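Visitor: Below you'll find the structure I mean.
The values are calculated or read from the model by the stated rules, or taken from the named source; none is laboratory data. Bear in mind that the values here come from a model prediction, so they are computed numbers and not experimental data. Cβ: placed from backbone, ideal geometry, glycine included. Neighbour counts: every protein chain shown. Note: accessible area is taken over every heavy atom of the protein model, side chains too, but ligands, DNA and RNA are not part of it. Shrake-Rupley method; radii C 1.70, N 1.55, O 1.52, S 1.80 Å.
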Amino acid sequence: MRRPLLRLVFAGALPALLVTVWWVASAGSTDVYWPPLRTILEAFPDVWTAERLRGDVLPSVLRLAGGYALAAVVGVALGTVIGSYRRVRAVCEPVLEFLRAVPPPVLVPVIMLFAGIGDTMKVTVIAAGCVWPVLLNTVEGVRAVDPVMAETARSYGITGVARLRKLVLRSASPQIFAGLRQALSIGIILMVISEMFAASNGLGFTIVQFQRGFAIPDMWTGILVLGLLGFLLSVVFQWVERRVLGWYHGLRASARRSP
């Protein structure tokens, strides 16, 4: 009981400190673009009503979920193939390094030409940016499979789908989840950018509309909503990661306790 309580205190200490510093630093501000935090918080319930949450936050979350899921499936599938076969890796590596170096926001106008300005474009942009950390981490995870375990599986006749599930993906799962964690933050950024280019709803669209209408406190409330959304998604991701990688964290904990 004591340890979870201390963990909660430590987790909330820095956010509380930052909010306090923001409150004090902005208390006497008369700058139009830097309103007091009190003004922003007072505007929050008026701006983010249930109707606006359904009309702007929900579409953004659905686009993010679609692009992120597509990137996860494609990244893990291609990464497993590329990591498993040396010749495939030798052929694909130069192309992958080139494509990875292209910033995803630059692709937004190009994707708009083929996918239009609807949700398909936004989901494609998110997937195009999120796929690289998942793909590259999967490749490295598959390449790092313990050769002794691989030989043992071969000796016991574990091949095909069983080998893929029980050995390859299981061994690579810590690095796969590391790529998925990186992809989550990239996905949130691209979600906002894609909605700023061409949209009629969503968080990115709403924040830009507030900025263009000089509703600066309302704009700041949108930024706070983005921060809260990122925090909630991070908490959900950590919960899923602990459930899926429970065996891995258990091994690390036992290794730390052993003399």
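Visitor: Which of (1) in contact with an Asp or Glu (Cβ under 7 Å, 6 or more places away or on another chain); (2) more than 16 Å from Leu245 (Cβ to Cβ) is the odd one out, the single condition Phe177 does not satisfy?
Guide: Here Phe177 clears every test but (2).
Visitor: Hey, Val57 hits all of (1) closer than 20 Å to Thr206 by Cα; (2) in contact with a helix residue (DSSP H, G or I) (Cβ under 9 Å, 6 or more places away or on another chain); (3) of a type outside the set (D, E, K, R); (4) open to solvent by 50 Å² or more (accessible area, probe 1.4 Å) but one; which does it fall short on?
Guide: Result: Val57 fails condition (4) only.
Visitor: Looking at Thr138 and the list (1) at pLDDT below 90; (2) open to solvent by less than 70 Å² (accessible area, probe 1.4 Å); (3) hydroxyl-bearing (Ser, Thr, Tyr), which single condition is not satisfied?
Guide: Status for Thr138: all satisfied but (1).
Visitor: Looking at region 25-38, I want the residues that are closer than 18 Å to Gln211 by Cβ and in contact (Cβ under 8 Å) with a residue 24 or more places away in the chain and have a partner that is assigned to a loop (DSSP other than H, G, I, E, B) and open to solvent by less than 70 Å² (accessible area, probe 1.4 Å) with Cβ atoms under 7 Å, at least 6 apart or on another chain. Which pairs are those?
Guide: Within 7 Å, the pairs are Pro35/Ser29.
Let's see how each residue does on (1) touching a Gly at 6+ places or on another chain (Cβ under 9 Å); (2) modelled with pLDDT of 90 or more; (3) surrounded by fewer than 17 Cβ atoms within 10 Å (Cβ to Cβ); (4) not charged (D, E, K, R):
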site	(1), (2), (3), (4)
Ile126	yes, yes, no, yes
Pro133	yes, yes, no, yes
Arg143	yes, no, yes, no
Gly179	yes, yes, no, yes
Ile188	yes, yes, no, yes
Thr206	yes, yes, no, yes
Leu224	no, yes, yes, yes
Leu232	no, yes, yes, yes
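Visitor: Additional query: Restrict the check to region 210-218 and report whether at least one residue is open to solvent by 20 Å² or more (accessible area, probe 1.4 Å), of a type in the set (Gly, Ala, Ser), in contact (Cβ under 8 Å) with a residue 12 or more places away in the chain and not in a helix (DSSP H, G or I).
Guide: Scanning region 210-218 turns up no residue that is open to solvent by 20 Å² or more (accessible area, probe 1.4 Å), of a type in the set (Gly, Ala, Ser), in contact (Cβ under 8 Å) with a residue 12 or more places away in the chain and not in a helix (DSSP H, G or I).
Visitor: What are the residue pairs meeting all of these: first residue in region 121-150, first residue more than 23 Å from Val102 (Cα to Cα), second residue open to solvent by 10 Å² or more (accessible area, probe 1.4 Å) and modelled with pLDDT of 90 or more, Cβ atoms under 6 Å, and 6 or more apart or on different chains?
Guide: Gly141/Gln175; Gly141/Ile176; Val142/Thr80
Visitor: Out of region 1-54, which residues are farther than 26 Å from Leu203 by Cβ, part of a helix (DSSP H, G or I) and at pLDDT below 80?
Guide: Arg2, Arg3, Pro4, Leu5, Leu6, Arg7, Leu8, Val9, Phe10, Ala13 - these are the residues of region 1-54 that are farther than 26 Å from Leu203 by Cβ, part of a helix (DSSP H, G or I) and at pLDDT below 80.
Visitor: Pick from region 156-172 the residues that are open to solvent by 90 Å² or more (accessible area, probe 1.4 Å) and assigned to a helix (DSSP H, G or I): which of them is farthest from Leu245 (Cα to Cα)?
Guide: Ranking the qualifying residues of region 156-172, first place goes to Val161.
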